[in-house]
Amino acid sequence: MTIKDPETIHDVEGVPVHNVHRHDVVIIGAGLAGMRAAVEASDEFDVAVISKVFPTRSHSGAAQGGIAASLANEEEDHWEWHMFDTVKGSDYLGDQDVIETLVKEAPVVVREFEHFGAPFSRTSEGRIAQRLFGGHTKDFGRGGPVLRACYGVDRTGHVLLHTLYEVCVRNQVRFYSEFHALSLIIEDGECRGVVAWDIVNGGVHVFHAKTVMFGTGGYGKVFKITSNALANTGDGLGMVLRAGLPLEDMEFVQFHPTGLYLQGILVSEAARGEGGHLINGKGERFMEKYAPDKMELAPRDLVSRSIQTEINEGRGINGEAYVYIDLRHLGKEKIMHQLPQIHELAWKFLHVDCVTDPIPIQPTGHYSMGGIPTDIDGRVLLDGKQIPVKGFYAGGECACVSVHGANRLGTNSLLEASLFGRRCGKSIIRYLRENREFSDLPADAAVEAIKMVKRLLSSDGDEKIGKIREDLQVMMTGKCGIFRNEKQLGDLKKELRKLEERYANVRLDDKSETFNTDLLEALELGNMLEFSELIVEGAYARKESRGAHSRTDFPDRDDGEWLKHTLAWKKDGKISFDYKPVTITRFQPKERKY
Amino acid sequence: MAILKFKINRYNPDDERRGHYEQEYELDVPKGYTVLDCLNDIKWKIDGTLSYRRSCRSGICGSCAMTINGVNNLACETQALSLKSDTVTIEPLRGYPVVKDLVVSLDPIVRGLMAVRPYMINKTPPPTDQERFQSPEERDKLEGLYECILCGSCTSACPSFWADKEYLGPHAFLKAYRFVADSRDEDARAHLEALDDKHGLWRCHTIFNCVEACPKGLNPTKAIAELKKEIVKGKVG
Amino acid sequence: MKYKQTVTSGGALPWLLQRISGVYLAVILLIHVINLHVLLDGEVNFAAISERVATPMWKTLNISFLIIALFHGLYGLWVVLEDYIHKGWMRILIYSVIAAIAVVFTIFGTLTMITFQHGG
């Protein structure tokens with residue numbers, strides 16, 4: 001087949017290929033990273049955003065607590081303090097040159113959001129209000145917690161996401177809502193577009209672009225208990241692996257300490273920032289034992305491990321797998337004014353009124369520190385180290401620059417997504433000013449994608465998507481969760497292989513083309529199986545405990561051997577590893593205590 | 001635990017002959033299960049062809065609005081057992097064209113939204129290295145407006161929208177007022193322009209269905225009343 | 001994305017008039033009630049009422065009440081019917097009936113009011 005005339009409609013092997021769409025910039029994902037890049041680049045170029053959900057449905061909108069920036073609106077703060085906290089929070093695995101950029105540009109990015117119209121909460125002087133968050137401290141960790149998280153009540157992600165959508169509308173960004181990206185078009189080390197499936201009407205579409213940016217988000221859905229949306233299946237990571245590119249630091253997965261019991265739905269860290277206490281089955285404020293200094297405001301990896309330890313040692317509430325977060329002492333007025341959404345969630349999902357009762361919580365799969373390796377300007381790296389793929393960018397949770405290292409601090413994710421989205425936009429503009437022509441589309445651009453869809457639509461096996469996915473989630477949570485060890489990871493490696501075999505033998509109930517969510521879930525599961533192995537293999541290989549990666553058989557951090565980033569490829573089902581050094585500038589690794 | 005019967009409105013455009021029909025499923029529903037959990041169980045374990053939108057499962061993304069036992073609500077926020085009914089009837093949101101099963105076209109929602117220029121218009125350049133100031137009192141005026149998740153429940157419940165498919169819809173008015181009420185926005189007229197139209201504000205007959213339908217407890221009717229006042233003030237004053 | 005530029009066709013003035021007329025009707029109605037049941041001494045009968053209705057001030061008041069009540073009610077009906085009747089011929093028929101009611105009631109009502117005489 002050939003794809004030359006943009007208006008030609010082909011029908012290849014029974015799967016229709018509709019229009020070829022041409023845009024200077026094609027962005028996959030309409031979360032904070034994708035839309036922030038779109039806002040930036042649309043000042044000068046023609047930008048299209050492809051998203052498998054309507055833009056304001058993106059999961060950035062579920063973020064509650066805040067976005068970090070040392071604005072010092074409420075009290076003294078400096079970017080150097082923010083940098084120290086981020087480096088220490090990352091367990092010294094974050095690259096300090098990019099962290100420095102992150103914290104220095106943070107105030108600019110947050111104020112820009114305000115200029116765009118985001119309805120932040122305000123201080124009495126009318127400035128952007130700031131609150132406490134775990135791991136953010138004064139004076140290089142020597143002082144107490146610092147008011148650094150800029151917030152819009154407890155709907156910070158919601159206000160930022162909607163604001164970006166609004167600015168995109170103003171800038172006439174073209175949205176392709178409910179299109180699911182299938183494959184990258186990479187030729188001669190240059191990205192020339194993507195192929196996507198039109199979820200609403202069916203059909204494969206080819207997007208011919210000068211630059212492509214990924215803001216495809218995380219993959220919490222590989223875990224049983226997760227705060228993530230059902231859409232968070234890490235599709236971008238699967239596509240990148242299939243294109244032969246590496247992923248970085250995949251073994252580092254953050255578990256948020258406070259998910260609603262059984263549902264995993266997020267109870268924002270703002271609940272602890274505003275003064276909430278964690279209580280075990282014996283009525284103790286157990287964080288005294290684990291972080292006597294910072295208590296509940298220790299970083300997430302530490303608090304999650306503490307909660308899990310309490311549960312594992314039988315000190316959950318009534319011996320069950322949960323503990324309480326207690327907000328009662330904050331009083332009704334503070335809860336309703338500062339944490340209304342938490343009140344609403346606890347009521348609607350657990351029927352708990354947090355004004356009068358404590359909320360049952362358990363750790364929940366939350367955030368992926370690893371992802372697509374990029375440089376400081378968001379360019380995706382072909383070798384994971386230095387050589388960029390021409391015209392290909394990534395930002396936000398799907399990318400790994402790496403500012404979060406082995407553990408991300410709360411409120412640094414909204415910051416990273418928008419800040420590196422913005423940087424992607426800027427570097428796309430620079431690139432496009434010098435590369436004004438479209439490169440030719442290869443003739444077989446859509447073949448891989450069509451094969452994927454065709455195989456699933458004509459699948460005739462005896463496995464159900466839902467069952468394989470549930471098995472994956474249960475296994476990943478059980479054996480590659482907060483605590484890991486060699487035996488379980490080894491078992492899991494074998495079990496994942498079996499899941500892949502089962503996936504090859506699936507059968508879809510729905511074979512239609514219109515809004516086929518059965519097909520969509522099958523494609524998503526394919527992506528999850530693609531990269532889950534890398535999480536497990538990476539965790540198996542890393543024989544130390546660092547940040548969110550906690551090996552019970554290797555409980556200590558090993559800077560001599562493991563102060564380095566993991567790079568992993570998957571070719572023909574075989575996984576290969578490489579490593580690259582961590583950039584250290586201002587802060588030498590020290591023991592991490594809170 | 002209780003066995004519930006789900007009557008779900010189905011439609012597949014690829015099977016026009018069959019048209020719209022109702023299909024029944026029986027499900028063992030544990031305590032704490034939301035209607036979305038039930039739909040997922042049906043889809044994942046019984047019938048993979050069932051189509052519906054969903055994403056965040058925590059009531060913030062706005063994907064899963066549907067009509068449950070006659071009431072518009074988010075499936076993810078509705079506890080199945082607290083419906084206090086052995087039979088749960090689920091239909092796609094009314095008033096919108098149905099794409100498939102419980103999935104409706106979002107076009108009317110987007111069209112109404114676009115008409116009100118849904119973005120802050122501010123001609124004065126922002127201060128450098130500083131935010132625009134806004135007092136907490138001014139900020140409080142946005143409470144009840146900025147929280148809209150664009151789920152479409154309100155417009156689906158609105159008789160004026162049923163009657164006039166070009167009616168912009170309460171969700172659009174709520175968004176318009178979110179900017180008109182913002183102390184930082186400098187061009188109320190731009191947001192109001194499209195509203196002063198027979199498919200706009202004046203078609204609202206103050207029926208309050210939108211208020212009842214909103215899963216986030218917002219009040220579009222109040223916003224509409226405020227907008228009407230703004231327009232009349234603009235003409236008289 | 002481009003937003004739709006709609007021509008400003010108004011609707012504001014009728015909306016405002018509907019509010020003002022509503023308030024006016026409520027006030028006049030209240031005056032009637034007070035006059036009849038509070039201020040009037042003695043028995044409520046035709047003689048007592050017709051004496052009052054025959055005065056020029058009450059004639060003016062009642063004619064304005066009639067016209068404004070017809071406007072308020074029929075315009076309200078007109079707007080609601082816009083929502084529910086879409087067929088061309090049905091619209092023409094119903095709107096003609098409404099217009100006819102308005103004209104006939106205004107003429108007969110006004111004539112009755114103007115020619116009314118006490119004891120006559």
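For region B:54-124, the strands (runs of 3 or more DSSP E) that sit wholly inside it and include 1 or more residues that are touching a helix residue (DSSP H, G or I) at 6+ places or on another chain (Cβ under 6 Å) and more than 8 Å from every other protein chain (Cβ to nearest Cβ) are B:65-68, B:71-74.
In region A:98-126, the residue that is nearest to the other protein chains (Cβ to nearest Cβ) out of those that are in contact with a strand residue (DSSP E or B) (Cβ under 7 Å, 6 or more places away or on another chain) and of a type in the set (A, V, I, L, M) is A:Val110.
Candidates A:Asp377, A:Asp353: the one that is touching a Phe, Trp or Tyr at 6+ places or on another chain (Cβ under 9 Å) and without any contact (Cβ under 8 Å) to a residue 12 or more places away in the chain is A:Asp353. Picking from residues in region A:474-512 that are out of contact with any helix residue (DSSP H, G or I) (no Cβ under 7 Å at 6 or more places or on another chain) and not in a helix (DSSP H, G or I), the one that is surrounded by the most Cβ atoms within 10 Å (Cβ to Cβ) is A:Gly481.
Scan region A:412-425 and tell me whether some residue there is surrounded by fewer than 24 Cβ atoms within 10 Å (Cβ to Cβ) and of a type in the set (Lys, Arg). Yes; the residues of region A:412-425 include at least one that is surrounded by fewer than 24 Cβ atoms within 10 Å (Cβ to Cβ) and of a type in the set (Lys, Arg). The single residue among B:Arg53, B:Arg94, B:Arg139 that is within 17 Å of B:Arg184 (Cβ to Cβ) and not aliphatic (A, V, I, L, M) turns out to be B:Arg139. Residues that are among the aliphatic types (A, V, I, L, M) and open to solvent by 10 Å² or more (accessible area, probe 1.4 Å): does region A:236-243 have at least one? The answer is yes; a qualifying residue exists.
Of all the residues in region B:1-26, those that are within 14 Å of chain A (Cβ to nearest Cβ) and open to solvent by 20 Å² or more (accessible area, probe 1.4 Å) number 9. All of A:Phe255, A:Phe214 fail the test of being among the aromatic types (Phe, Trp, Tyr), within 18 Å of A:Val323 (Cα to Cα) and buried (at least 24 other Cβ atoms within 10 Å of the Cβ), apart from A:Phe255. The set of residues from region A:160-202 being part of a loop (DSSP other than H, G, I, E, B) and more than 13 Å from chain B (Cβ to nearest Cβ) comprises A:Asp188, A:Gly189. For region B:155-195, the set of residues classified as open to solvent by less than 20 Å² (accessible area, probe 1.4 Å), among the hydrophobic types (A, V, I, L, M, F, W, C), away from chain C (no Cβ under 11 Å) and not in a loop (DSSP other than H, G, I, E, B) consists of B:Phe173, B:Leu174, B:Ala176, B:Phe179, listed by residue number. Restricting region B:140-154 to residues that are open to solvent by less than 10 Å² (accessible area, probe 1.4 Å) and at the interface with another protein chain (Cβ under 8 Å from one of its Cβ atoms), the residue that is nearest to A:Met336 (Cα to Cα) is B:Leu142.
Scanning region A:458-473 for residues that are surrounded by 14 or more Cβ atoms within 10 Å (Cβ to Cβ) and either part of a helix (DSSP H, G or I) or of a type in the set (Ser, Thr, Tyr) (or both) returns A:Ser459, A:Ile465, A:Gly466, A:Ile468, A:Arg469, A:Glu470, A:Asp471, A:Leu472, A:Gln473. Pairs linking a residue in region C:73-97 that is without any contact (Cβ under 8 Å) to a residue 24 or more places away in the chain and open to solvent by 40 Å² or more (accessible area, probe 1.4 Å) to a residue that is in a helix (DSSP H, G or I) and of a type in the set (Ser, Thr, Tyr), with Cβ atoms under 9 Å and 6 or more positions apart or on different chains, are C:Trp78/C:Tyr95.
The lone criterion from (1) at pLDDT 95 or above; (2) surrounded by fewer than 23 Cβ atoms within 10 Å (Cβ to Cβ); (3) over 30 Å from A:Leu496 (Cβ atoms) left unmet by A:Gly203 is number (1). Report whether or not A:Leu230 is more than 22 Å from A:Gly466 (Cα to Cα), within 14 Å of chain B (Cβ to nearest Cβ) and open to solvent by 10 Å² or more (accessible area, probe 1.4 Å). So A:Leu230 fails the test.
With respect to being closer than 30 Å to A:Asp444 by Cβ and either open to solvent by less than 20 Å² (accessible area, probe 1.4 Å) or among the small types (Gly, Ala, Ser) (or both), A:Val194 fits the description. Please verify whether A:Thr137 is more than 21 Å from the chain's Cα centre (by Cα) and among the β-branched types (Val, Ile, Thr), treating the condition exactly as stated. In short, yes. Somewhere in region A:99-121, is a residue aromatic (Phe, Trp, Tyr), open to solvent by 10 Å² or more (accessible area, probe 1.4 Å), under 25 Å from A:Thr216 (Cβ atoms) and in a loop (DSSP other than H, G, I, E, B)? Within region A:99-121, not a single residue is aromatic (Phe, Trp, Tyr), open to solvent by 10 Å² or more (accessible area, probe 1.4 Å), under 25 Å from A:Thr216 (Cβ atoms) and in a loop (DSSP other than H, G, I, E, B). Restricting to region A:295-311, give me the number of residues that are within 20 Å of A:Thr477 (Cα to Cα), touching a residue at least 60 places away in the same chain (Cβ under 8 Å) and not basic (Lys, Arg). So the count comes out to 5.
Residues of region A:435-450 include at least one that is among the basic types (Lys, Arg), surrounded by fewer than 16 Cβ atoms within 10 Å (Cβ to Cβ) and more than 14 Å from chain B (Cβ to nearest Cβ). Exactly one residue out of A:Glu486, A:Glu500 is more than 14 Å from chain B (Cβ to nearest Cβ) and in contact with a Leu (Cβ under 8 Å, 6 or more places away or on another chain), and it is A:Glu500.
The set of residues in region A:138-154 being modelled with pLDDT of 95 or more, facing chain B (nearest Cβ under 10 Å) and assigned to a loop (DSSP other than H, G, I, E, B) consists of A:Gly152 alone. In this structure, B:Phe133 does not satisfy being buried (at least 17 other Cβ atoms within 10 Å of the Cβ) and closer than 30 Å to A:Ala69 by Cβ. Among the residues of region A:319-337, those that are open to solvent by 30 Å² or more (accessible area, probe 1.4 Å) and of a type in the set (Asp, Glu) comprise A:Glu320, A:Glu333. Inside region B:198-228, can you point out the residues that are facing chain C (nearest Cβ under 10 Å) and either in contact with a Leu (Cβ under 8 Å, 6 or more places away or on another chain) or open to solvent by 40 Å² or more (accessible area, probe 1.4 Å) (or both)? Matches in region B:198-228: B:Lys198, B:His199, B:Gly200, B:Leu201, B:His205, B:Lys228.
Residue count for region A:338-373 under the criterion of being more than 18 Å from A:Asn407 (Cα to Cα), open to solvent by less than 20 Å² (accessible area, probe 1.4 Å) and among the polar types (S, T, N, Q): the result is 1.
The values are calculated or read from the model by the stated rules, or taken from the named source; none is laboratory data. Model, not experiment: these values are computed from the prediction. All Cβ positions, glycine included, derive from the backbone under ideal geometry; neighbour counts span all protein chains shown. All accessible areas refer to the heavy atoms of the entire protein, side chains included, with ligands and DNA or RNA removed. Shrake-Rupley method; radii C 1.70, N 1.55, O 1.52, S 1.80 Å.
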